[in-house]
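Working notes, beginning with the structure itself.
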Amino acid sequence: MSDPKTDVPYGTLDLLVLKTLEAMGPMNGYRLARRIEQVSENLLRLNQGSIYPALLRLQQKGWIRTQWGVSETKRRVKIYSLTKTGATHLRTEVANWERTTAMVARFLESLS
Amino acid sequence: MRLRTILARMLSLLRRKQVEDELVEEIRAHLEQAEQDNLRAGMPAEEARRAARRSFGGVEQVKEAHGDVGGFPVLRDGAQDVRLAIRAMRRQPGFATVVVVTLALGIGGSTLIFSLAHGGSVHRRRLTYSFIGI
């Protein structure tokens, strides 16, 4: 049987980050990584650090923006938030995801 | 959107040092917050710090992956390869000399033969285009 913990491919991590920012508002890198861990109920084998390259990529694509803020430990940190383009992209990606999942489910069912 | 990414990467390239410094700062802040959360959850100090580092993963890997996204990794990797090559050549100067001389003879010789075969000078021949008035 396959391992219940799964490695997160890049595309999926992008989706999780965008969705988390949309649902829970702007937050810094650590909070974001923790939220994703918690919401996925620790089923994701995510090295928290891997969120930073993903965040840079999302920023370059214009889907998130950064502002300077302060962390709980009084350090200067970047606060990430969703842009309008990001919100649109998220909507499209979620629709694609749901469509793909439904299609695969239908396929598996019809063959079993 | 592709253009946007290219421009963003070029900008990252110019601000290379700054981008790396910011990442280092972010990582430090991340580990601190993780440690604090762990302490609050009741872990002893040393355990809290270790657990924070563990859930973060490899710092060098993160810096590497981050570098792959910002700037143009082909340039960074290319420059690194050149540096390694120069170091290797310094360690074996005799071998390096043989390679350079061989290449010089090969390139020089080929160019010479090519020039001779084309009537003296390569520059004298001009490419002509029969279409348009370029």
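The values are calculated or read from the model by the stated rules, or taken from the named source; none is laboratory data. No experiment lies behind these values; they were computed from the predicted model shown. In this analysis, Cβ positions are derived from the backbone assuming ideal geometry, glycine residues included, and neighbour counts consider all displayed protein chains. Just so you know, the surface numbers come from the protein's heavy atoms only, side chains and all, with ligands and any DNA or RNA stripped out. Shrake-Rupley method; radii C 1.70, N 1.55, O 1.52, S 1.80 Å.
Here are some notes:
- Region B:1-23: number of residues that are open to solvent by less than 100 Å² (accessible area, probe 1.4 Å) and outside any helix (DSSP H, G or I): 1
- Taking first residues from region A:68-81 that are more than 9 Å from every other protein chain (Cβ to nearest Cβ) and partners that are in a loop (DSSP other than H, G, I, E, B), the Cβ contacts under 9 Å between residues at least 6 apart in sequence or on separate chains come to A:Gly69/A:Pro26; A:Ile79/A:Pro26; A:Tyr80/A:Pro26; A:Ser81/A:Gly25; A:Ser81/A:Pro26.
- Only one entry in A:Gly49, A:Gly86 is assigned to a helix (DSSP H, G or I), out of contact with any His (no Cβ under 7 Å at 6 or more places or on another chain) and within 18 Å of B:Glu20 (Cα to Cα), namely A:Gly49.
- Any chance A:Tyr10 is of a type outside the set (Gly, Ala, Ser), within 23 Å of B:Met10 (Cα to Cα) and at pLDDT below 90: yes
- Filtering region B:71-82 to residues that are open to solvent by less than 90 Å² (accessible area, probe 1.4 Å) and at pLDDT below 90 leaves B:Gly71, B:Phe72, B:Pro73, B:Arg76, B:Asp77, B:Gly78, B:Ala79.
- Meets criteria (open to solvent by less than 60 Å² (accessible area, probe 1.4 Å) and on the phi < 0 side of the Ramachandran plot) for B:Ala85: yes
- Inside region A:90-99, residues that are open to solvent by 10 Å² or more (accessible area, probe 1.4 Å) and closer than 18 Å to A:Met24 by Cβ make up a count of 3.
- Residues of region B:29-52 classified as part of a helix (DSSP H, G or I) and more than 7 Å from every other protein chain (Cβ to nearest Cβ), total: 14
- Set side by side, the residues B:Val74, B:Val98, B:Val62, B:Val82 differ, and just one is at the interface with chain A (Cβ under 9 Å from one of its Cβ atoms) and part of a helix (DSSP H, G or I), which is B:Val62.
- Test result for B:Val19, β-branched (Val, Ile, Thr) and without any contact (Cβ under 8 Å) to a residue 24 or more places away in the chain: no
- Complete set of residues in region A:56-67 that are within 9 Å of another protein chain (Cβ to nearest Cβ) and in contact with a strand residue (DSSP E or B) (Cβ under 8 Å, 6 or more places away or on another chain): A:Gln59
- When residues in region A:23-49 are screened for being touching a Leu at 6+ places or on another chain (Cβ under 8 Å), facing chain B (nearest Cβ under 9 Å) and surrounded by fewer than 20 Cβ atoms within 10 Å (Cβ to Cβ), 1 of them pass.
- For B:Ser55, the test of being touching a residue at least 24 places away in the same chain (Cβ under 8 Å), within 11 Å of another protein chain (Cβ to nearest Cβ), hydroxyl-bearing (Ser, Thr, Tyr) and part of a helix (DSSP H, G or I) is failed.
- Taking (1) outside any helix (DSSP H, G or I); (2) within 27 Å of B:Gly70 (Cα to Cα); (3) open to solvent by less than 50 Å² (accessible area, probe 1.4 Å) in turn, A:Trp68 satisfies each apart from (3).
- Given (1) out of contact with any Lys or Arg (no Cβ under 8 Å at 6 or more places or on another chain); (2) over 23 Å from A:Ile79 (Cα atoms), number of the condition B:Ser55 does not satisfy: (2)
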